Amino acid sequence: MLDNEIDPEVDSEWCFEQGECPLDRGGYFIVKGTEKVILIQEQLSKNRIIIDTDKKGCVHASVMSSTEAQKSKTVIVMEKEKIYLSLNQFEKKVPMGMESDQEVVQMFGRDLRYGALLLPSIEECASHHVYTQQEALEFLEGKVAKSRFYSASVEKEGRAMVILRDVFVANIPVRENDFRLKCMYVAVMLRRMMEAIINKDAMDDKYRRISLLETINKFPFHYLFTYYHFQRCLRERMLGVEELELMSAEELHAPNSYLIILNGLILGKHRRPKQFAQAMRKL
């Protein structure tokens with residue numbers, strides 16, 4: 001464990017040796033050489049799928065994406081039985097859809113209720129004469145909000161393509177313009193949203209998460225301890241997580257299998273969750 005990677009704990013021997021006030025022991029942290037008092041902190045829901053309703057009562061799935069390079073909010077909403085994407089870079093809500101109608105349905109599983117909820121959106125794509133990926137990009141290009149800040153390279157590649165790659169669910173990386181992982185993540189968002197439409201109990205609660213001092217201090221230590229231990233014994237254990245890139249759309253929601261999501265990223269699928277949990281505890 002390297003020094004200064006974790007803020008010193010209050011009331012620790014290190015604080016005492018550095019001249020901690022004897023009349024207020026354990027009252028503060030030393031963060032980057034500055035005294036900081038931390039009593040309570042609201043926990044932000046970054047890179048987490050939230051299912052909720054808006055002021056009109058429409059069910060929507062949202063993700064507040066946060067990466068080192070980009071921060072954005074992606075909202076997928078069901079309005080008048082149709083699914084739309086709401087993103088600040090687009091002037092209006094735009095229909096959602098992949099190139100193959102069959103693949104779209106397979107992404108959600110075999111439940112006929114999901115297919116019925118998707119049908120109006122698929123029909124709307126057809127009404128706009130959008131059938132291929134190129135036609136979809138041309139349609140989105142007309143919806144992009146006008147801005148002076150797009151560079152020549154962005155204009156050449158296409159503003160819609162850049163927004164979908166870098167801003168839309170920014171916490172899911174795109175490598176070599178392969179959007180498959182993003183499609184799967186959006187499928188998970190839509191499936192959860194449809195579950196909430198069918199079953200209101202699937203809604204997320206609206207209560208704010210508040211972290212106390214003990215919890216705030218626990219996470220950095222746990223992260224670093226796990227990271228160094230994980231690096232040491234990574235080759236000794238096989239977690240058994242299957243890569244999503246190797247799966248078909250139908251296998252995404254196969255029975256008796258579970259998605260593994262860590263810090264908002266879908267790592268893959270696992271068919272034995274108890275075995276996976278035990279392996280993670282040993283890391």
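The values are calculated or read from the model by the stated rules, or taken from the named source; none is laboratory data. Keep in mind that what you see is a predicted model, and the values were worked out from it rather than measured. With ideal geometry, Cβ positions are generated from the backbone for all residues, glycine too; neighbour counts draw on all protein chains shown.
Structural remarks
- With respect to (1) in a helix (DSSP H, G or I); (2) within 14 Å of the chain's Cα centre (by Cα), the lone exception for ASN171 is condition (1).
- Of all residues in region 44-56, those that are assigned to a loop (DSSP other than H, G, I, E, B) have Cβ atoms under 9 Å from Cβ atoms of residues that are of a type in the set (S, T, N, Q), 6 or more apart or on another chain, in LEU44/SER66; ASN47/SER65; ASN47/SER66; ASN47/THR67; ASN47/ASN171; ASN47/ASN263.
- Residue in region 54-76 that is modelled with pLDDT under 80 and over 17 Å from the mean Cα position of the chain (by Cα) present: no
- For region 90-153, the helices (runs of 4 or more DSSP H) that sit wholly inside it and include 2 or more residues that are modelled with pLDDT of 80 or more and closer than 24 Å to ILE197 by Cβ are 112-127.
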